[in-house]
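Colleague: The structure that follows is given in the form of structure tokens.
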Amino acid sequence: MTLRLIEEGAKKSGVCWLALPSGTRLAWHVWHDGAICLVTGGGEQELPGLAECATTEVVLRSKDNGAQLIRFPATVEVLDQTEHAETVAALAKERLNAADSAALTARWATEALVVRLTPAPDPNG
């Protein structure tokens with residue numbers, strides 16, 4: 001696993017698949033500051049159990065043909081949205097078709113979680 005391949009795959013496709021306690025779920029995300037960042041709950045995508053996980057498996061697929069590009073473990077961290085305003089802004093910028101785009105980040109602050117998935121180091125180097 002290489003961080004370069006993960007970064008390239010995450011930047012080219014705005015979706016990933018996550019292995020959650022409830023099963024595999026598709027999620028939209030942004031690549032920001034070396035990690036996959038996403039929003040869950042509060043009228044956004046529901047990713048049950050993600051916030052309670054210490055790690056999750058992430059699958060990125062090729063945007064060209066849909067084949068699996070890379071599968072990797074990632075640490076899960078729920079972010080304080082005030083402390084990580086840049087991450088929230090990056091997510092809001094990429095959020096398509098939001099009904100309340102003017103109030104989006106305020107709604108997230110009260111109703112949703114912003115989560116960072118950091119690729120775990122490869123034990124094989």
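Taken together, the values in this text are just the output of simple stated rules run on the coordinates, not laboratory data. If you're wondering where the values come from, they're calculated on a predicted model, not measured in any experiment. Glycine gets a Cβ as well: all are built from the backbone with ideal geometry, and neighbour counts include every protein chain shown.
Per-residue answers, yes or no, for (1) touching a Leu at 6+ places or on another chain (Cβ under 6 Å); (2) more than 28 Å from ALA99 (Cβ to Cβ):
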{"position": "TRP28", "(1), (2)": "no, no"}
{"position": "THR40", "(1), (2)": "yes, no"}
{"position": "GLU57", "(1), (2)": "no, yes"}
{"position": "LYS63", "(1), (2)": "no, no"}
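Colleague: Mind counting the residues in the stretch 1-18 that are surrounded by fewer than 18 Cβ atoms within 10 Å (Cβ to Cβ) and not charged (D, E, K, R)? Steps first, please.
Modeller: Applying the first criterion (surrounded by fewer than 18 Cβ atoms within 10 Å (Cβ to Cβ)) to the stretch 1-18 yields 1-5, 7-8, 11-12, 14-15, 17.
From what is left, the residues that are not charged (D, E, K, R) are 1-3, 5, 14-15, 17.
Looking only at that region, the number is 7.
Colleague: Looking only at the stretch 71-125, filter to residues that are out of contact with any strand residue (DSSP E or B) (no Cβ under 9 Å at 6 or more places or on another chain) and of a type in the set (D, E, K, R); which one of those is farthest from GLY49 (Cα to Cα)?
Modeller: Top of the filtered list is ASP100.
Colleague: Please go through the stretch 101-120 and give me each residue that is without any contact (Cβ under 8 Å) to a residue 40 or more places away in the chain and over 24 Å from THR56 (Cβ atoms), ordered by number. Spell out how you get there, then give the answer.
Modeller: Residues of the stretch 101-120 without any contact (Cβ under 8 Å) to a residue 40 or more places away in the chain: 101-106, 109.
Within the stretch 101-120, SER101, ALA102, ALA103, LEU104, THR105, ALA106 qualify.
Colleague: Any idea which of (1) closer than 24 Å to ILE6 by Cβ; (2) part of a loop (DSSP other than H, G, I, E, B) is the one ASN97 doesn't satisfy?
Modeller: (1)
Colleague: What's the number of the only condition in (1) touching an Asp or Glu at 6+ places or on another chain (Cβ under 7 Å); (2) part of a helix (DSSP H, G or I) that ARG116 fails to meet?
Modeller: All conditions pass for ARG116, except number (2).
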